[in-house]
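The values are calculated or read from the model by the stated rules, or taken from the named source; none is laboratory data. Please read all numbers here as calculations on a predicted model, not as lab measurements. Cβ atoms come from the backbone with ideal geometry, glycine included; neighbour counts cover every protein chain shown. The protein model used for the area step is the full one, side chains on, heavy atoms only, and it has no ligands, DNA or RNA in it. Shrake-Rupley method; radii C 1.70, N 1.55, O 1.52, S 1.80 Å.
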Amino acid sequence: MASSISAPPAAPGSVAKPPVKVKPPSRLKPNVPTKSTDISAAAAVTWKRPMRAVPAQPRREGKSGNPFQRLAAAALDAVEDGLIAGLLERAHPLPRTADPAVQIAGNYAPVGELPPAGPEDLPVVSGRVPACLDGVYVRNGANPLHAPRGGHHLFDGDGMLHAVRLGDGRAESYACRFTETARLRQERDIGRPVFPKAIGELHGHSGLARLALFGARSLCGVVDASQGIGVANAGLVYHDGRLLAMSEDDLPYHVRVTPDGDLETVGRYDFHGQLEGAMIAHPKLDPATGELFALSYNVVSKPYLKYFYFTADGRKSPDVEIPVDAPTMIHDFAITENYAVVPDQQIVFKLQEMVLGGSPVVYDKNKTARFGVLPKRAEREESFQSVLSEIRLDPRTGTSSRRAVLREADQVNLEAGMVNRQLLGRKTRYAYLAMAEPWPKVSGFAKVDLEDGTVEKFTYGEGRYGGEPCFVPRADGSGAEDDGHVLCFVHDESRGGTSSELLVVNAGDMRAEAAVKLPGRVPYGFHGTFISATELQRQA
């Protein structure tokens, strides 16, 4: 979820805003977007009403409410509708990667918020929920609040969390809520999208025009970018008693799970003033020490890439500046027991390409892909060494080698997944990965034996698709490495239904143990996590 805009720092302190919790008086049915007969760049998808569970609020008075700012807002809206959308963008058909009619169609379409539904609304439609699952499964995803006014990529949507509380052998609650980012709150008040979309809009001359428009809106006080521009729609991690929702264009957002299973946004979280800018959405939590390891990259100025970590109680290490020659998309990285492994790949940022009418994110065929290996607790740049590599790296010799884990006959398109998190950073035998077939949908997941090169597959069934598998180990850690369960939201497209299920699969024998019918549709999303009941009791 890379962005070509740098996030502004938060004000000193742990959060930027007080808790926000939207509690409508009764559960509302999700709004279902419908395809328009006109799939032009300006209006590929239409909403019956804005995607929210409460009525639109009037524009707040104050910073954006004086006559000058209202006049400026109207004038700049006219520039967007008439010049940018009506002239610059209309002349160029949208590619499939930025066409809302493609990107947010079917079960990628957004839904409205739902307050907590109780166990009476969550029937187990098959099997039994294992009694050992005691906690809450939370998954993040993109869910645009407003209908797109131009290009839109799946990754551009506002962050929405879906949470299922499990305990006593049943599903106790389900809720879905927007993460109340500063961006979402402002666009909700204004009534239209006004922040630029990093992937769907920021390309070519129209992308430059949209950046200029955003700058003008900020200069006139129509929007306030100082409190963050991110969507918090990608990653989730539970660290130091806090559930953090993240995207790579901003600071994380602290979200609290309430006793009744609801989700409330506490605010933008800067680790008590220690984190000055954005960090990637895939930090790594060491299960043995509780430390959180992360990267931060800048697409405008040096240093382009920094590495750092937080102790179990939230104290930040000094930054390690990693020498890379150009801004590079570093979407993820890995840790072992003693090292961090950082990829320096061929997908780079070249903002000047927008002037030439292209995308700022390009594939550099002349660049040699590398992996950098540094001590996991490095605190000086000198400790970083970069080596040419493929897959397997030897930090002692600086050599690399490649080995195919699966036989050619067993190859399948595997995407996001995880190992037993109690062994993260240690040698593991099993990995659970989404089977992205037909791309980009996920038709099941695979349990890969990394030692003997075998794979077991669990498919969701004809017309049924899900997302990243979430492996939940047995709480006491006493069993085998694969002693646990895999959780995933699944949607049946063949029936065209408006609801989804939470599927529970035994990770040992790869058999389904339970399916819980949810009261609403869960759009396909990104990453999730499981928070135990014990951890919830220690929640900040």
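Miscellaneous remarks
- 19 Å Cα-Cα reach of Lys350 towards aspartates and glutamates, excluding residues that sit fewer than 8 places from it in its own chain: Glu201, Glu248, Asp249, Asp325, Asp364
- Förster radius 25 Å - calculated FRET efficiency between Arg192 and Asn298, Cβ distance, rounded to 0.05: 0.25
- Cα pair count fraction exceeding 17 Å, expressed as % - the stretch 453-492: 45
- Residue-level accessible surface for Asp325, protein heavy atoms, 1.4 Å, Å²: 150
- The stretch 175-258, accessible surface, carbon-and-sulfur percent (1.4 angstrom probe): 58
- Largest accessible area first, the listed residues Phe155, Phe445 line up as Phe155, Phe445 when surface is computed with a 1.4 Å probe on the assembled protein chains.
- Of the DSSP H helices in the chain, those whose Cα atoms cover at least 20 Å axially and whose Kyte score averages -0.5 or more: 204-219
- Estimated from helical segments only, the mean residue ellipticity of the chain at 222 nm is -2500 deg cm²/dmol, where each DSSP H run of four or more residues counts as -39500 (n - 2.57).
- The Stokes-Einstein estimate for the chain, based on a Kirkwood radius over Cα pairs and taken at 37 °C with 0.692 mPa s viscosity, is a diffusion coefficient of 136 µm²/s.
- By average C-beta atoms within 10 angstrom, highest first, the peptides 137-144, 205-212, 372-379: 137-144, 205-212, 372-379
- Within the accessible area of the stretch 284-326 (1.4 Å probe), percent carbon and sulfur: 47
- Per-residue 3J(HN,Hα) values for the stretch 466-483, derived from phi via the Karplus relation 6.51 cos²θ - 1.76 cosθ + 1.60 with θ = phi - 60°, read x, x, 4, x, 10, 7, 10, x, 4, 4, 7, x, 7, x, 5, 4, 9, 7 Hz in sequence order (x marks Gly and Pro).
- Segments 417-428, 523-534, 73-84 sorted - mean Cβ within 10 Å per residue, highest first: 523-534, 417-428, 73-84
- Carbon/sulfur fraction of accessible area - the stretch 430-540, other protein chains in place, 1.4 Å, %: 45
- Kirkwood hydrodynamic radius computed over the stretch 87-181 comes to 15.6 Å, based on all pairs of distinct alpha carbons.
- Mean projected area (nm²) of the alpha-carbon convex hull when the stretch 166-287 is viewed from all directions: 10.0
- The peptide list 156-165, 392-401, put in order of mean Cβ contacts within 10 Å with the highest first, becomes 156-165, 392-401.
- Solvent-accessible surface ranking, highest first, for His92, His152 at 1.4 angstrom: His92, His152
- Residue pairs, from the table Lys302/Lys376; Lys197/Lys284; Lys316/Lys457, whose Cα atoms sit over 31 Å apart: Lys316/Lys457
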